[in-house]
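The values are calculated or read from the model by the stated rules, or taken from the named source; none is laboratory data. Note that this is a predicted model, so its numbers are computed, not measured. Note that each Cβ is placed from the backbone with ideal geometry, even for glycine, and that neighbours are counted across all protein chains shown.
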Amino acid sequence: MKAFILAAGKGTRLGELTEKSPKPMLPLAGRPLLEYTISWLKKYGIQELIINLHHLPQTVTSYFGDGTKFGVSILYSEEKALLGTAGALDPMRAHLQERFLLMYGDLLTNVDLDALIQWHLKKDAKLSMTVYNVEDPTRAGIVEMTADGRLVRFWEKPPREKVFSTLANAGIFIVEPEIIDFVPHNSYFDIGYDLLPALLTNGVGVYCHPINGYLLDIGIPTHYRQAQSDIVTKGLFS
């Protein structure tokens, strides 16, 4: 199985931290976040990676190269204009002809991928998404699901008066290749605002799997500081 890591965003919520570094390259205990991600994927036998880039792409390519030094193979997709978290798949269609993992590049995680993949297969899902409880649903894509985990409602960053759940998209997906048929060519297309609503409208089987393990997005300063602390104190990624 291949993994597609979304690493093109500018990370503006992190302020000056990302002025000279892409968000996935911010250091945690002396190693960039993306290096932890690659190590985690390797533990599950995922060694073929696609990484999309836009903001300061040479920072990533000069550090990881073709991935050989890290025991993986990396194909880069450099976007001259941002295509969005789902639109990023469009230029790589030819390389995504089989089931693949898709994930946000700002996640520090050790979740159990085997459990997610088995869930996906058991449900015969077209797309499986990890979900977790969040403190502030207005900053997340929130989900409503059936008792057996099928997604029936999704709202990206709802206003507070419209919040119907604290269960949210955690940013790790197992995707069947036919999902890419819903992604337009050469257009900005977002997972939360565009792709998931389109899948729901068309009755596509999307299933939600609660995370099993540690997951933290480092997209805001408080989370980045927490990640730095957790790396040192919890020993989860040594």
- Note on the structure: Reported set for region 89-115 where residues are more than 14 Å from Leu215 (Cα to Cα) and either in contact with a Ser or Thr (Cβ under 7 Å, 6 or more places away or on another chain) or not in a loop (DSSP other than H, G, I, E, B) (or both) is Asp90, Pro91, Met92, Arg93, Ala94, His95, Phe100, Leu101, Leu102, Asp114, Ala115
- May I ask you to list the residues in region 18-53 that are more than 16 Å from Ala88 (Cα to Cα), in contact with a strand residue (DSSP E or B) (Cβ under 6 Å, 6 or more places away or on another chain) and not in a helix (DSSP H, G or I)? Ile46, Glu48
- Filtering region 137-159 for residues that are free of Cβ contacts under 8 Å to residues at least 24 places away in the same chain, in a helix (DSSP H, G or I) and touching a Pro at 6+ places or on another chain (Cβ under 8 Å) leaves a count of 0
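Pick out the one residue from Leu33, Leu17 that is under 23 Å from Ile231 (Cβ atoms), modelled with pLDDT under 95 and not acidic (Asp, Glu). If you could, list the steps in order and put the result at the bottom.
On the way: Leu33 fails: modelled with pLDDT under 95.
The match here is Leu17.
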- Task: Among the residues of region 23-52, write down those that are closer than 21 Å to Gly219 by Cβ, in contact (Cβ under 8 Å) with a residue 12 or more places away in the chain and of a type in the set (D, E, K, R).
- Result: Lys23, Glu35
- Query: Just a yes or no: is a residue in region 73-88 closer than 20 Å to Met1 by Cα, part of a strand (DSSP E or B) and among the small types (Gly, Ala, Ser)?
  - Reply: yes
- Query: Has region 222-235 got at least one residue that is under 24 Å from Phe100 (Cα atoms), of a type in the set (A, V, I, L, M, F, W, C) and either surrounded by fewer than 15 Cβ atoms within 10 Å (Cβ to Cβ) or touching a residue at least 12 places away in the same chain (Cβ under 8 Å) (or both)?
  - Reply: no
- What number of residues within region 1-12 satisfy the criterion of being out of contact with any Asp or Glu (no Cβ under 8 Å at 6 or more places or on another chain), outside any strand (DSSP E or B) and in contact (Cβ under 8 Å) with a residue 24 or more places away in the chain? 2
- Message: Please verify whether Gly15 is surrounded by fewer than 21 Cβ atoms within 10 Å (Cβ to Cβ), touching a residue at least 40 places away in the same chain (Cβ under 8 Å), out of contact with any Ser or Thr (no Cβ under 8 Å at 6 or more places or on another chain) and part of a loop (DSSP other than H, G, I, E, B), treating the condition exactly as stated.
- Response: no
- Query: Of all residues in region 57-88, how many are touching a Ser or Thr at 6+ places or on another chain (Cβ under 7 Å) and loosely packed, with under 15 Cβ neighbours inside 10 Å?
  - Reply: 1
- Qualifying residue in region 164-184 (condition: out of contact with any strand residue (DSSP E or B) (no Cβ under 9 Å at 6 or more places or on another chain), outside any loop (DSSP other than H, G, I, E, B) and surrounded by 13 or more Cβ atoms within 10 Å (Cβ to Cβ)): yes
- Message: Quick check on my filter: what residues within region 185-221 are in contact with a Gly (Cβ under 9 Å, 6 or more places away or on another chain), outside any helix (DSSP H, G or I) and of a type in the set (Gly, Ala, Ser)?
- Response: Ser187, Gly219
